[in-house]
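Below is one structure, written out as structure tokens; the observations come after it.
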Amino acid sequence: MNITELQQLKIAWVTAKEKGDIEAQVTLLRDHPEAQAALIDFIAAYHATTMDETDTTENSLLPLTQRAGQAALERVFDRQAVAADLQQLRAQRGLTMVSAARGLRLSVDVWKKFESGAIELVSLSESQLARFAHFFQVTVEQFGSVLNNSQPAVTLNRRQTGSAARSEQQSPKKQSFAEAIEKSTMSKEEKRYWLDK
């Protein structure tokens, strides 16, 4: 079954669901056994991401449910894979280094440390990770993975001896997010935005 036919089945199922026609929904699954697995994934994603409009405040999704829904949607609609590192992620979103830093309320020097892999993932709180993930429209896990994949740029000092250069390459200088913020040129307000719990 090609993608167009599958999309038509999904649209037919949603139409039947909106009309409340359960028999048509079951018939779609029964009449198209070759597409059952894909339709079941789609139906699960539909139910995981649909909220009852009458009770939206009480039905707020738990983070685990949100991640499951996001994973189901990516599997169903084959969304573009997340970038390998932060520089690629920024480029995929069409952002320059300056615009990414400005959008995140960070200084460019702090954002450069992120892209070069100098900021340790473990130094970020859950709320800080959530801010980054929300900004880049990825899950917290995806942002963490992309941050871990960002490697420090290896620079050599030509005046160093060979052994000194090798030892420096093996242990790149990492720092916590809080240290990077404190040493940055950011305003006090921006520092508070990121450091206050």
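The numbers here are math on the coordinates, done by the rules we state, and not lab data. Note that the coordinates shown come from a computational prediction; the quantities given were computed from them, not determined experimentally. Note that we place each Cβ from the backbone using ideal geometry, even for glycine, and neighbour counts take in every protein chain shown.
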**Prompt:** Taking the alpha-carbon centroid of each part, what is the distance from the range 132-146 to the range 9-24 in angstrom?
**Reply:** 34
**Prompt:** Which FRET efficiency value, to the nearest 0.05, do you get for Asn2 and Ala91 by plugging their Cβ-Cβ distance into 1/(1 + (r/R0)^6) with R0 = 22 Å?
**Reply:** 0.10
**Complete:** Ordering 25-33, 173-181, 125-133 by per-residue average of other C-beta atoms within 10 angstrom, highest first, gives 173-181, 125-133, 25-33
**Item:** Within straight-line cross-link reach of Lys188, lysines at Cα separation under 17 Å, skipping those fewer than 8 residues along the same chain
**Value:** Lys197
